[in-house]
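Okay, structure first, notes after.
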Amino acid sequence: MAAQASAMPAAIRAAASSSSSKGPSRRSSAKPQQRGAGVVRPAIADAKVAGPPPGLERLRIETPWEEAKLTLKAAFGMSDADIETAGQLSDEELAEAYTMMIHCRDFENECNQAYMAGKIRGFMHLDNGQESIPALLDNAIRKSDLKHSYYRDHTHAIASGVDSGKIMAELFGRDGGTCRGTGGSMHIYDVEHNFQGGWALVAEQLPYAVGAARSIRLDTHLGTGEADDRITVVFVGEGGAQNGRMAECLNAAAKENLPILFVVIDNGRAINTFTKDVAQNQEVFNQGKHYGVPGILVDGQNMQDTLRVGRAAIQHVRTKGPAILQVHTFRLNGHSPADPEHERNRKDEKRWARMEADPITIFEESADAKRVDMQACKDKAKLEVQAALDFANASPPPPASLAAQLEYPDPNGMVDYSKREPEMGLEMAKMVTERTVPEAILTSVKARIEALRAMASDVKGISIGDAVNLAILEEMLRDPTTVAHAEDLQAGSSYNIPANTQQAFGTLRAADEIIDEGHFIGKALGEAMNGYRPVVELMNANFGIYGMAELSSAGNTYATTGGQFKMPMTVIGAGGTAPNQSLGAEHSQPFHAYIMGIPGLKICSASKPQEAYGLAKSMIRDNGPGVLLLPVKLMKTRGQVTVDNFLPLHKATVVHSASEASIKAGKAVTVITYLHGTKESEDALAELLPLGYDIDLIELTCMKPFDMETVRASLSKTHRLAILDESTRSGGVGATVSALVNEQLFDELDGPVVRLCMEDAPVPYASEMEVEVVKRAKDLVEAVKYMTKPEL
């Protein structure tokens, strides 16, 4: 990388002349632009800039093609022939690029007018001033390439071939929109053109795009994909590139040599604040040096150089591996129409940029403009934008019932998971597995599966961890699109859940991960959008807190894309809060309660091997995202398992039914619980039965969706409900269950619901304090006795 460092200043140094030069009036001997907190970086120090009014802090740079060639040769290792090819722009290509810039500008201007007229609502972010980027996308990115954008996504979708009318209809919230009105401005998706977002949380798209790039590598490995030179392109702002996700994704891209281009759109500001005020180093193109990922900076106001440099970077990704393209540009509008623009120099900068740094005007005043019939290009763009408006205005609103229809890809109880075949069919799946797994290893993994199945049927039984491991191995053997992610995966993580997966199926299908759950949950999301069934093991469910944004997006994606992208992703973790587990507050959090409010997730739990196995099998085959929670202190609990068994993902399990005698005597109570609470309830039952009390014990093997019918059937007999809950009094699972029962089954209750839940305090380590926070069997015994007193 030493060559890259030495060549970089020349690659971005401004030249006295270039094809986009606007003449002496746009030049000055102004102070070189600084890129950092008061530090002049070597790579920028030589750059000459266009002449602005005094006081502006962010200026235009220039990156002449002749000098960019040096970087491409030194840092990217490109041949002279490849560089020459990238640099050749035909008249037709210039015309198409100019047309795309005009198309995008006109489209965004119409969006602004429609927003002011109230036809577009919510947040909207326009791309004016950055049109050279969609021009590059249109020129060099193919329909088969996978694209991940951010909230400023309209023009990226247009340049990817997505119909402008459908995009405008989406902004209008119409049924003819790309996502049938479910996504809006920040969430444009189009499965036909592989446009995969439109993601609204800053930098969240980075690991999703890495997962998409992995899917290309997986397709190549399995022999099931399209052309081997497909790539993934992901867009991120220079501020978003300061997010830790960027470093993680550069590491992942380099480690597996993924075909991914990171396009950093550097407009220098957040909503108003200068990026240099918060970022020590804005040279994002240099971030990859640590990982061996080359990068290059280009002046985004120069369309021709953006095309040349961008095409060269894209060719590198297609043929060699990951790269970074940083495009230095300006936003000619505010962050959004609601932007107050109160930060220093913002309005002055915008006025100057509109006059001196507009990429459309700069091209029109360049020598290359004579090679283009600009009026014809403008006329063509105008017609396309008018057609988009006409389509959007004519499109009807979506039906009100659509939101409920898009809750889950697989509606509750409508799928027989035992009969669901791999997408490629069982025969093809078997052939792919036999072709990609060496015969000796295949024989070994089959033997391991048979050994686990024998354990499952033995009277001694199988542990919860091994039962789930059996389910995963069976599914990965049966369907080569099933993949696994976990920390310490090679060694089976903490409870054997992903054991033997990498040894059997290799590092692409079974990935050992860095210690950041958000990163590899995000990669799994990107894989799931592209035909794979990732299984993510969390080691401890509470570590999933790092991945809350990614879990939220996983739950939202099917609906937000208007049903275009399924999300067959399974997240498995051992968690919960057992009495006397002595793990302290951080490892005793109610993660299950934290994720209950995420729409689109199916959330299940299992306290025994049979349920763990059956739920895991079904969840892996479900086409939506699911979370399977296991009891951290009972993972070695053994029990017999009926193999090839699939449990429903919408039903609770009746563990024990109260006797008729206890019900008639008024000494029966319905108890709802889950995880460690099931064992605690069984312990309580052993104490209650000799005293004449009994319980209908319902285990929430599915927390969400909630099985109201099973609860209704029980309460119609007992008319009393206690909830033994491993979450807090405020916002816990028990709080949700209690509210639902009171709303829908109030007439079945003879008294108030009794919640035996964790108190609103961090779970302490010392047992003397912990016993006051975490409820257990003895608390349930006392509650049943109290609830069945004759006077109550």
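The values are calculated or read from the model by the stated rules, or taken from the named source; none is laboratory data. As the structure is a prediction and not an experimental result, all values here were calculated from the model. Every residue, glycine as well, gets a Cβ built from its backbone with ideal geometry; the counts of neighbours run over all protein chains shown. In case anyone asks, the SASA skips ligands and DNA or RNA and just uses the protein heavy atoms, side chains included. Shrake-Rupley method; radii C 1.70, N 1.55, O 1.52, S 1.80 Å.
Quick test for you: out of 165, 181, pick the one residue that is assigned to a loop (DSSP other than H, G, I, E, B), farther than 30 Å from residue 430 by Cα and either acidic (Asp, Glu) or in contact with a helix residue (DSSP H, G or I) (Cβ under 9 Å, 6 or more places away or on another chain) (or both).
181
Would you mind finding the one in 713, 686, 661, 668 that is touching a residue at least 60 places away in the same chain (Cβ under 8 Å) and either among the hydrophobic types (A, V, I, L, M, F, W, C) or open to solvent by less than 60 Å² (accessible area, probe 1.4 Å) (or both)?
668
Cβ-Cβ under 6 Å, sequence separation 6+ or interchain: first residue in the range 360-378 and under 15 Å from residue 89 (Cβ atoms), partner open to solvent by 40 Å² or more (accessible area, probe 1.4 Å) and assigned to a helix (DSSP H, G or I). Which pairs?
371/91
Counting only residues that are in contact with a His (Cβ under 6 Å, 6 or more places away or on another chain) and at positive phi, how many does the range 553-580 have?
Within the range 553-580, residues that are in contact with a His (Cβ under 6 Å, 6 or more places away or on another chain) and at positive phi number 1.
When the residues of the range 532-550 are filtered to those that are aliphatic (A, V, I, L, M) and in a loop (DSSP other than H, G, I, E, B), which remaining residue is most open to solvent (accessible area, probe 1.4 Å)?
Looking at the filtered set, the residue picked out is 539.
Tally time: how many residues in the range 425-464 are of a type in the set (Asp, Glu) and either under 29 Å from the mean Cα position of the chain (by Cα) or crowded, with 20+ Cβ neighbours inside 10 Å (or both)? It would help to see each step written out before you state the result.
Restricting attention to the range 425-464, the residues satisfying the condition of being of a type in the set (Asp, Glu) are 427, 434, 439, 450, 458.
Among the residues that remain, those that are also either under 29 Å from the mean Cα position of the chain (by Cα) or crowded, with 20+ Cβ neighbours inside 10 Å (or both) are: none.
Within the range 425-464, residues that are of a type in the set (Asp, Glu) and either under 29 Å from the mean Cα position of the chain (by Cα) or crowded, with 20+ Cβ neighbours inside 10 Å (or both) number 0.
Got a number for residues in the range 608-622 being open to solvent by 10 Å² or more (accessible area, probe 1.4 Å) and in contact with a helix residue (DSSP H, G or I) (Cβ under 8 Å, 6 or more places away or on another chain)?
3
Which residue pairs have Cβ atoms closer than 7 Å, lie 6 or more positions apart in sequence or on different chains, and pair a first residue in the range 722-743 that is under 20 Å from residue 779 (Cβ atoms) with a second residue that is outside any helix (DSSP H, G or I) and of a type in the set (Gly, Ala, Ser)?
725/732; 726/576; 733/727; 734/727
Can you tell me which residue among 764, 752 is part of a loop (DSSP other than H, G, I, E, B), at pLDDT below 95 and of a type outside the set (Val, Ile, Thr)? Steps first, answer last, please.
Numbers: 752 fails: at pLDDT below 95.
Exactly one residue qualifies, and that residue is 764.
Taking the conditions exactly as written (open to solvent by less than 50 Å² (accessible area, probe 1.4 Å) and modelled with pLDDT of 95 or more), does residue 401 satisfy them or not?
Details: open to solvent by less than 50 Å² (accessible area, probe 1.4 Å): no; modelled with pLDDT of 95 or more: yes.
It is false that residue 401 is open to solvent by less than 50 Å² (accessible area, probe 1.4 Å) and modelled with pLDDT of 95 or more.
Which one of these does residue 628 not meet: (1) touching a residue at least 24 places away in the same chain (Cβ under 8 Å); (2) open to solvent by 20 Å² or more (accessible area, probe 1.4 Å)?
(2)
Per-residue answers, yes or no, for (1) β-branched (Val, Ile, Thr); (2) free of Cβ contacts under 8 Å to residues at least 60 places away in the same chain; (3) open to solvent by less than 30 Å² (accessible area, probe 1.4 Å); (4) more than 22 Å from residue 317 (Cβ to Cβ):
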{"position": "156", "(1), (2), (3), (4)": "no, no, yes, no"}
{"position": "167", "(1), (2), (3), (4)": "yes, no, yes, yes"}
{"position": "179", "(1), (2), (3), (4)": "no, no, yes, yes"}
{"position": "182", "(1), (2), (3), (4)": "yes, no, no, yes"}
{"position": "186", "(1), (2), (3), (4)": "no, no, no, yes"}
{"position": "191", "(1), (2), (3), (4)": "yes, no, no, yes"}
{"position": "195", "(1), (2), (3), (4)": "no, yes, yes, no"}
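Within the range 106-130, track down each residue that is assigned to a helix (DSSP H, G or I) and either farther than 26 Å from residue 266 by Cβ or touching a strand residue (DSSP E or B) at 6+ places or on another chain (Cβ under 7 Å) (or both).
Within the range 106-130, 110, 113, 114, 116 meet the criteria.
Would you pick out the residues in the range 468-494 that are more than 12 Å from residue 505 (Cβ to Cβ), crowded, with 20+ Cβ neighbours inside 10 Å and among the hydrophobic types (A, V, I, L, M, F, W, C)?
Result: 468, 470, 471, 486.
Checking residue 524 against (1) open to solvent by 10 Å² or more (accessible area, probe 1.4 Å); (2) within 18 Å of the chain's Cα centre (by Cα); (3) aliphatic (A, V, I, L, M), only one condition comes out false. Which one?
(1)
Assuming residue 383 fulfils every condition listed in (1) free of Cβ contacts under 8 Å to residues at least 40 places away in the same chain; (2) buried (at least 24 other Cβ atoms within 10 Å of the Cβ); (3) among the hydrophobic types (A, V, I, L, M, F, W, C) apart from one, which condition is it?
Every condition holds for residue 383 apart from (2).
Looking at the range 591-606, which of the residues that are touching a residue at least 60 places away in the same chain (Cβ under 8 Å) and open to solvent by 10 Å² or more (accessible area, probe 1.4 Å) is nearest to residue 493 (Cα to Cα)? Explain how you work it out, then say what you get.
Going through the range 591-606, the residues touching a residue at least 60 places away in the same chain (Cβ under 8 Å) turn out to be 592-593, 596, 599-606.
The next check asks that each one be open to solvent by 10 Å² or more (accessible area, probe 1.4 Å); those that pass are 593, 596, 599.
Numbers: 593: 24, 596: 26, 599: 29 Å.
Across the range 591-606, the extreme among qualifying residues is 593.
Determine whether residue 289 is surrounded by fewer than 23 Cβ atoms within 10 Å (Cβ to Cβ), out of contact with any Pro (no Cβ under 8 Å at 6 or more places or on another chain) and under 16 Å from residue 316 (Cβ atoms).
yes
I want to confirm something. Restricting to the range 107-145 and keeping residues that are open to solvent by 10 Å² or more (accessible area, probe 1.4 Å) and of a type in the set (Phe, Trp, Tyr), which single residue is farthest from residue 306 (Cα to Cα)?
The selected residue is 115.
Here is a yes/no grid of residues against (1) modelled with pLDDT of 95 or more; (2) out of contact with any Gly (no Cβ under 6 Å at 6 or more places or on another chain); (3) open to solvent by less than 10 Å² (accessible area, probe 1.4 Å); (4) within 20 Å of residue 206 (Cα to Cα):
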site: 466; (1), (2), (3), (4): yes, yes, no, no
site: 496; (1), (2), (3), (4): no, no, no, no
site: 502; (1), (2), (3), (4): yes, yes, no, no
site: 518; (1), (2), (3), (4): no, no, yes, yes
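Looking only at strands (runs of 3 or more DSSP E) that lie completely in the range 200-310, which have at least 1 residues being farther than 30 Å from residue 367 by Cβ?
232-237, 260-266
Of all residues in the range 75-105, how many are open to solvent by 40 Å² or more (accessible area, probe 1.4 Å), in a helix (DSSP H, G or I) and touching a residue at least 40 places away in the same chain (Cβ under 8 Å)?
5
Here are some residues: 553, 582. Which one is over 30 Å from residue 453 (Cβ atoms), of a type in the set (Gly, Ala, Ser) and open to solvent by 20 Å² or more (accessible area, probe 1.4 Å)?
582
Return the pair list, or none, for Cβ contacts closer than 8 Å from residues in the range 766-790 that are within 18 Å of residue 577 (Cβ to Cβ) and in contact (Cβ under 8 Å) with a residue 12 or more places away in the chain to residues that are assigned to a helix (DSSP H, G or I) and open to solvent by 60 Å² or more (accessible area, probe 1.4 Å), at least 6 apart or on different chains.
Note: pairs meeting the criteria are 777/683; 777/687.
Condition test on residue 275, is it hydroxyl-bearing (Ser, Thr, Tyr), over 22 Å from the mean Cα position of the chain (by Cα) and open to solvent by 10 Å² or more (accessible area, probe 1.4 Å)?
no
Check residue 459 against each of (1) assigned to a loop (DSSP other than H, G, I, E, B); (2) closer than 20 Å to residue 570 by Cα and name the one condition it does not meet.
Residue 459 satisfies all of (1) assigned to a loop (DSSP other than H, G, I, E, B); (2) closer than 20 Å to residue 570 by Cα except (2).
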